[in-house]
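Since the structure comes first, as structure tokens, the remarks are kept for the end.
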Amino acid sequence: MKPQTEAVLRVCSLDKAFAGKRVLNNIDLSLTAGEVLCILGPNGAGKTTLISAILGLIAADAGEIHLLGQLQQGAERSVALRQQLGVMLQIGSLPATLTVAEQCDLFASYYPAGYRAPELVALAGLEDHAKQRFGRLSGGQKQRLLFALALAGKPRLLFLDEPTLGMDVEARRNLWQQIHQLQQQGVSIVLTTHYLEEAEQLADRIMVLHQGKFIADGSPGELKALTRYKLVQCCSALSDAALLALPGVLQLNRQQDGVTMHSSHAEQTVRALLSQDPGVSQLEVRQVALEQAFLQLTGDAAAAQAGADNQEQVA
Amino acid sequence: MNTLAIYQKEAWYDLISVWRTPGFVLPALAFPLVFYLFFGVLFSPSGSTSHAVYMLVTYSCFGIMGPAMFNFAMSIASDRAQGWLTLKRLSPMPVSAYLLAKMATSLVFALFIILLLFSAAAIFGEVRLYHSQWLGLALLLLLGTVPFALIGLLLGLTLSDKAAPGVVNLLYLPMAFLSGLWLPVTMLPQFLQQLAWLWPSYHLSQLGLKLLALDQGQPLLLHLTILLVTSTVLTLLCLLVFRRYTGAKS
């Protein structure tokens, strides 16, 4: 009887493999009431698999899942439990011929204690499009509707799988605003994303998932400190030793088409580089993705390098 | 009362979302009617009304099979592919509400087709039946949608949304022909006649024809047993597939 400290979600030693490939590897996580947890990781890290296993869409191979204090057996989730959960998944489409108001009416009927249909339309901010069919909504409007449907039951625990995927900047900020409001109302939220900025904006706690394992767990501030390193990439005539002597450079990797340097002070590095080698070409400065910053810290340099080679640019 | 509301809304919205799909509604209603008028009324070999009566039964069977198979197979395959079914399964909605809604839609379409074809038969085919025969035939046809809905459900649970329409057509049209729904079964080649008992649609049409004393003369119990066994086997298969789908989907 300790509602303040009781975990609304607890996962212990969760394992899942598909066709012999381990997708989730000994996952532990715990969420206290009112907390917003961001699970951050690149595509293919296992975020969606983890959410699916928690929700019972797939059966885990091993491990325990406790939802709202109840140990879950297999892939069954009781009706009483489902009434207290809200879920927004990456889904393709609702029935294209039903209107916004109709979808909301249908979903509101599932949750006797939840919002009424017009309230859901308002939550989605689609009052002006209430009579529009789902198939004619823009991508961002569809996401807003799906978000509102996730709130239909006034959930205690909300799962948002990549909620801002495909949204423009303004829609994204509006959704962040709404998530903040839910946070203030005490809703516990698990949110997956591959946007570091999103995790920083929303999370009380960020856990970084990489190849089915959590490689970091901390507040946004703690994790942010680890991303001040930048990658400086270029083709230069300078020797490795000369490059390593540039200000800020911590580490250097030479590839076929140039060198990649890790720098703690990228601006100084670039300034010195340009003055010492005016012929430098293909110069590029990139943010280190969070999971790579972690991999370097944990000494997994080979994996970090493999990751850096096909890393996407972070805006 | 709240649960009842879910069943009602689910059924209502399934019906109107199908109703707003002209690509489904038009063929479902127009094909049986046009085929019946053409082959049952206009091209009556002897001009006899018994031909119009016979074809009324078989084209009604043909008519009610279509929406049952198509609505189940295509919308379930598509709901699965689009993630809509996943979202519903995570909600407190009972799965039975979803399935009964589809059944209700199939029955509404069956009712429309029955009314259309019966009217056409009475007006253009000069078909005259006892009230009890009209009513009995209508009830039989409504009940007869069940095995075809189950076929559709099984296909919807196993096929991709891309494959579903093609496979349903591949099953629906030959099955209708081989059961003697387009041409009287007696006009089929001998070896096809001997295989007609394989198809549930053959037995449904024979039950209907039995009401009007136009059947092949096989025992009532044979038709009922085969339809019942088929439906039971299909139900078990659907349960099996559904359990696998909810248990360990990748």
Item checked: Karplus (6.51, -1.76, 1.60) ³J(HN,Hα), θ = phi - 60°, over the range B:20-27, in Hz, Gly and Pro reported as x -> 7, 10, x, x, 9, 5, 4, x
Notebook entry, point to check: What net charge do the residues around residue B:12 carry, taking every other residue with its C-beta under 15 Å from that of residue B:12, with Lys and Arg at +1 and Asp and Glu at -1?
Noted result: -1
Item checked: Note, ³J(HN,Hα) from phi for the range B:32-44, Karplus 6.51, -1.76, 1.60, rounded to Hz, x at Gly and Pro -> x, 5, 5, 4, 5, 4, 6, 8, x, 10, 5, 9, 6
Margin query: Defining a contact as two alpha carbons under 8 Å apart and six or more residues distant in sequence, what relative contact order in percent does chain B show?
Written below: 25 percent
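Where both partners of a DSSP beta bridge lie in the range A:131-243, what percent of those bridges are antiparallel, to the nearest 5?
Working: 5 of 10 bridges.
If we restrict to bridges inside the range A:131-243, about 50 percent are antiparallel.
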Checklist line | Least to most buried among B:124, B:24 (fewest other Cβ within 10 Å first) | finding: B:124, B:24
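Provide the net charge surrounding residue A:71, with neighbours chosen by a C-beta distance below 13 Å and charges set as Lys +1, Arg +1, Asp -1, Glu -1.
Taking every other residue near residue A:71 into account, the sum is 0.
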Notebook entry, point to check: When the Karplus curve 6.51 cos²θ - 1.76 cosθ + 1.60 is applied with θ = phi - 60°, which whole-Hz ³J(HN,Hα) does each residue of the range B:178-191 get, with x for Gly and Pro?
Noted result: 5, 8, x, 8, 8, 10, x, 4, 5, 8, 7, x, 3, 5
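Lysine pairs in the range B:2-247 with Cα distance under 22 Å, only those 8 or more apart or on different chains: how many are there?
Working: B:9/B:88; B:9/B:102; B:88/B:102; B:88/B:162; B:102/B:162.
Final tally of qualifying lysine pairs is 5.
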Margin query: For chain A, set up a GNM with springs between Cα atoms under 10 Å and report which of A:256, A:282, A:177 has the largest fluctuation.
Written below: A:256
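Can you count the Lys pairs in the range A:7-225 whose Cα atoms are under 17 Å apart, with each pair 8 or more apart or on different chains? Mind dumping the intermediate values first?
Details: A:16/A:47; A:16/A:213; A:21/A:47; A:21/A:213; A:47/A:213; A:131/A:142.
So the count of such lysine pairs works out to 6.
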Notebook entry, point to check: Taking Cα centroids, how far is the range A:163-183 from the range B:23-90 in Å?
Noted result: 46 Å
Item checked: chain A - share of DSSP beta bridges that are antiparallel (%, nearest 5) -> 65 percent
Item checked: Amide H contacts under 5 Å for residue A:132, placed H, 5+ residues apart -> A:100, A:101
Check: Net charge near residue A:98, counting Lys/Arg +1 and Asp/Glu -1 over other residues with Cβ under 10 Å of its Cβ?
Finding: -1
Next item on the list: Take peptide B:80-87, look around each residue's Cβ out to 10 angstrom, count Cβ atoms belonging to other protein chains, and average those counts.
Entry: 5
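Roughly what % of DSSP beta bridges within the protein assembly as shown run antiparallel, to the nearest 5? Could the numbers behind the result be given before it?
Details: 38 of 56 bridges.
Here the share of antiparallel DSSP bridges comes out near 70 percent.
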Notebook entry, point to check: Evaluated at 10 °C with a viscosity of 1.306 mPa s, what Stokes-Einstein diffusion coefficient in µm²/s does the range B:2-247 have when Rh comes from the Kirkwood expression over alpha-carbon pairs?
Noted result: 85 µm²/s
Item checked: Cα centroid of the range A:81-155 to Cα centroid of the range A:1-73, whole Å -> 25 Å
Note to self: Using a 10 Å cut-off around each Cβ of peptide A:84-96, what is the average number of partner chain Cβ atoms that fall inside?
What the structure shows: 5
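Read the figures in this text as sums done on the coordinates, not as results from a lab. Model, not experiment: these values are computed from the prediction. Here Cβ is always computed from backbone atoms with ideal geometry, including for glycine, and neighbour counts include all displayed protein chains.
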